[in-house]
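Written out below as structure tokens is the structure these notes cover.
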Protein chains: 2
Amino acid sequence: MLSKNQLKNISKLSTKKNRQESGLFLAEGEKLVYELLDSGWKANKILSTVPIQKINHTRIDSNQMKKISHLASASKILGVFHIPKYDSNHQDHQGFSLVLDNVADPGNMGTIIRLCDWFGIRNLYCSFNSVDCFNPKVVQSTMGSIARVRCHYVDILTLIENCETPVYAATLDGNSYYNESFPTHGLLVMGSESHGISDTLLEKIDNRITIPSHNSGTGVESLNVAIASAILLGEIFRP
Amino acid sequence: MLSKNQLKNISKLSTKKNRQESGLFLAEGEKLVYELLDSGWKANKILSTVPIQKINHTRIDSNQMKKISHLASASKILGVFHIPKYDSNHQDHQGFSLVLDNVADPGNMGTIIRLCDWFGIRNLYCSFNSVDCFNPKVVQSTMGSIARVRCHYVDILTLIENCETPVYAATLDGNSYYNESFPTHGLLVMGSESHGISDTLLEKIDNRITIPSHNSGTGVESLNVAIASAILLGEIFRP
């Protein structure tokens, strides 16, 4: 069993401030918890309403689980994990990476992390004002991909200024992405749906690319940032 | 002002049954309502908490608006629109169209409608067990694209059996989509994330295509249906 105080401390991990202070985050559901454990992530506590074999855990009842769960229907297992510390120096990272400028929606962030995992992208760089990847909604919507994609919160401007590989920005006024031949190493910068990429960043990026619209100017004005990332990464990772 | 009974009838449009019986659906927010009106959609009622120029509307107060709104923060304008009647015969439709088998998530459906709009797809075919495109959550997440993309609820098996153009199915075991050269006219069938495309349908489709994963078998098992549609449509609409 857990004390009221312990439960309260776990509930508090819903806010970024408390996650940063404690260095802990929440992951719910069997699949996600096991995937994190299998990938070597260090658990602070595993809580369960049912007995689990071979895993050190604390039994709680379903009412306690409901109190700490962020899901519409609480799952049987919840893990409190340590937030890992990564080497965030881009010069140490190989291949093509994605950069997010001010992407605030947890669902989009989760979908993008999952997408990175699909394409084997191991490093995702996020501006400080992007949503925290250890936000419970983000963690859940990655469907386990958070275990394999490293999210680095860095100063994007410095990252781009120091980058020795080509940097691409997805904008509405660039060259058609169909005409680009992408290198093996590089960065693709995506902006938020509402604001796009900030002007300060755009000034530093030479390669602007666009997904041409076929709606002859009378239709939809932009694509969701996760959708646009998917289309561009499909092309970037063309064998 | 509206009577209690009128408000109640508008609230009822949150369910598919009541939308089908009344032939009406809801659209909220200035941008969406104007886009539907501009595209010639017939309004049954426009309700507003503020005066609007040149549009026949009924003033309501913000408490009434809150009662009928489906948004976290109610907007100033809500339109009750007539559900249009389309010609759903695929033989009459040109170009490449998307087919959804059992796609249940409103957010995914909305994103896919928006994506269709971007690529100029005018007809989207959905199985009867897919989420209703006039569900308020779907309507809102299309960001206005519902005004331009016709969603047809049809028997998908019959559609495919009678289709005279090539039909593609997105599966996890098909040929790499990078190796396909797609025709100008055709159908792309996408299944639900949890169940994929039903076996009965798959048996009728010769061309199975896959988005190759780069995570060497240890990572994410599937992509979100909207994300996978985006990647494939990017290639299908390559100029």
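The values are calculated or read from the model by the stated rules, or taken from the named source; none is laboratory data. This structure is a prediction, so every number in the text was calculated from the model and none was measured. Every residue, glycine as well, gets a Cβ built from its backbone with ideal geometry; the counts of neighbours run over all protein chains shown. Ligands, DNA and RNA are stripped out before the accessible areas are found, and what is left, the full protein with its side chains, is counted by its heavy atoms. Shrake-Rupley method; radii C 1.70, N 1.55, O 1.52, S 1.80 Å.
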Check your understanding: Would you call A:SER222 in contact with an Asp or Glu (Cβ under 7 Å, 6 or more places away or on another chain) and not aromatic (Phe, Trp, Tyr)?
Key -> yes
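Residues checked against (1) surrounded by fewer than 15 Cβ atoms within 10 Å (Cβ to Cβ); (2) over 22 Å from the mean Cα position of the chain (by Cα); (3) of a type outside the set (Asp, Glu):
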position	(1), (2), (3)
B:ALA43	no, no, yes
B:THR49	no, yes, yes
B:SER62	yes, yes, yes
B:LYS66	yes, yes, yes
B:SER69	no, no, yes
B:VAL80	no, no, yes
B:LYS85	yes, no, yes
B:SER88	no, no, yes
B:GLN94	yes, no, yes
Point to revise | Scan of the stretch A:206-226 for residues that are farther than 19 Å from B:HIS214 by Cα and crowded, with 20+ Cβ neighbours inside 10 Å, ordered by number | key: A:ILE209, A:ILE211, A:GLY219, A:VAL220, A:LEU223, A:ASN224, A:VAL225
Point to revise | Where A:LEU157 falls short, out of the listed (1) surrounded by fewer than 21 Cβ atoms within 10 Å (Cβ to Cβ); (2) at pLDDT below 95 | key: (2)
Revision key, fill the gap. Filtering the stretch B:58-81 for residues that are touching a residue at least 12 places away in the same chain (Cβ under 8 Å) and assigned to a loop (DSSP other than H, G, I, E, B) leaves a count of 8
Point to revise | Test: residue in the stretch B:186-199 that is surrounded by fewer than 21 Cβ atoms within 10 Å (Cβ to Cβ), within 14 Å of chain A (Cβ to nearest Cβ) and closer than 25 Å to A:ILE236 by Cα | key: yes
Revision key, fill the gap. Among (1) within 14 Å of another protein chain (Cβ to nearest Cβ); (2) modelled with pLDDT of 95 or more, B:PRO239 falls short only on (2)
Study note, to complete from the structure: For the stretch A:161-185, the count of residues that are at pLDDT 95 or above and hydrophobic (A, V, I, L, M, F, W, C) equals 4
Review point. Here is a list of conditions, (1) open to solvent by 80 Å² or more (accessible area, probe 1.4 Å); (2) more than 30 Å from A:ILE146 (Cα to Cα); (3) among the hydrophobic types (A, V, I, L, M, F, W, C), and B:LEU172 meets all of them except one; can you say which number that is?
Key: (2)
Review point. If we scan the stretch B:118-136, do we find a residue that is within 14 Å of chain A (Cβ to nearest Cβ), without any contact (Cβ under 8 Å) to a residue 40 or more places away in the chain and among the hydrophobic types (A, V, I, L, M, F, W, C)?
Key: yes
Practice item. Run down B:SER145, B:SER229 and say which single residue is farther than 24 Å from A:GLU235 by Cα, facing chain A (nearest Cβ under 9 Å) and open to solvent by less than 50 Å² (accessible area, probe 1.4 Å). Key: B:SER145
